1. Within region 44-73, how many residues are outside any loop (DSSP other than H, G, I, E, B) and in contact with a Pro (Cβ under 7 Å, 6 or more places away or on another chain)?
2. At least 2 residues that are under 30 Å from R69 (Cβ atoms) and under 22 Å from the mean Cα position of the chain (by Cα) in each: list the strands (runs of 3 or more DSSP E) lying fully within region 102-215 that qualify.
3. Is there a residue in region 116-137 that is within 26 Å of P82 (Cβ to Cβ) and among the aromatic types (F, W, Y)?
Amino acid sequence: MSRPRLLTKEQIVDALNGWFIRNSVPPTVEELRRLLRVGSTRTVLRYLHLLEEEGFIERWTGARGLRMRKGGALGLETQLVPIVGEAPAGQVMPAEQNILGRIQMPKEFLKPPSAKFFLLRVRGDSMNRAKVEGQPIDDGDLVLVRQQERADAGKIVVALVDGEATIKKLVKGPGYYVLQPESTNPKNRPIIIAQDFRVQGVVCRVFKRGGELLQTAKE
């Protein structure tokens, strides 16, 4: 008979954060059992009890009664960042009614500290040739956006056009701007906008399939 699979606290915290990034809701005990690839829910409950005792998580009654505590993940100083939908997919400004969930993120990702940030899931291939810090922006990725109304030409921005959010490269023309796709798909077209147009934010980091920041537990 093989030995039970033993996991470290760090692996379990990584797995939980990875789940939150992908799903925006806490896992059930059974979902976490499959995620951790352990044999019984009793083992999962033992791990959760350990994390709760050490302040990594908070739990309450209910199938999904779990959340990560601020500063708990991997011993880092963290901050909650709202997920406000998909792009392109309607209004993105993080008003309370638009927030789909919140993710705990290291504060070192959120600079300057005075800025506000939100997360969007990417839908479509209009920017799959663009890169932010060396990472392309593909369908299904999660992007971290620094909220601001102005941006320099050449930045990858989130803009609101005809009531829909879109992620594009901001290009300056003579008396106007262009929201320029950078895509392998020729069906994606540039959008000309007025000079006084205001962006919603600047893309400052890409999380591949939502899993680059905090990956699931490893063998």
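1. Counting residues in region 44-73 that are outside any loop (DSSP other than H, G, I, E, B) and in contact with a Pro (Cβ under 7 Å, 6 or more places away or on another chain) gives 2.
2. Values: elements: 117-122, 142-147, 156-161, 164-173, 176-180, 191-194, 201-207.
Of the strands (runs of 3 or more DSSP E) lying wholly inside region 102-215, those with at least 2 residues that are under 30 Å from R69 (Cβ atoms) and under 22 Å from the mean Cα position of the chain (by Cα) span 117-122, 142-147, 201-207.
3. yes
FYI, it's all coordinate maths here, none of it is from the lab. Here the structure is a predicted model, which means the values were calculated and not measured. No Cβ is skipped: glycine too gets one built from the backbone with ideal geometry, and neighbour counts run over all protein chains shown.
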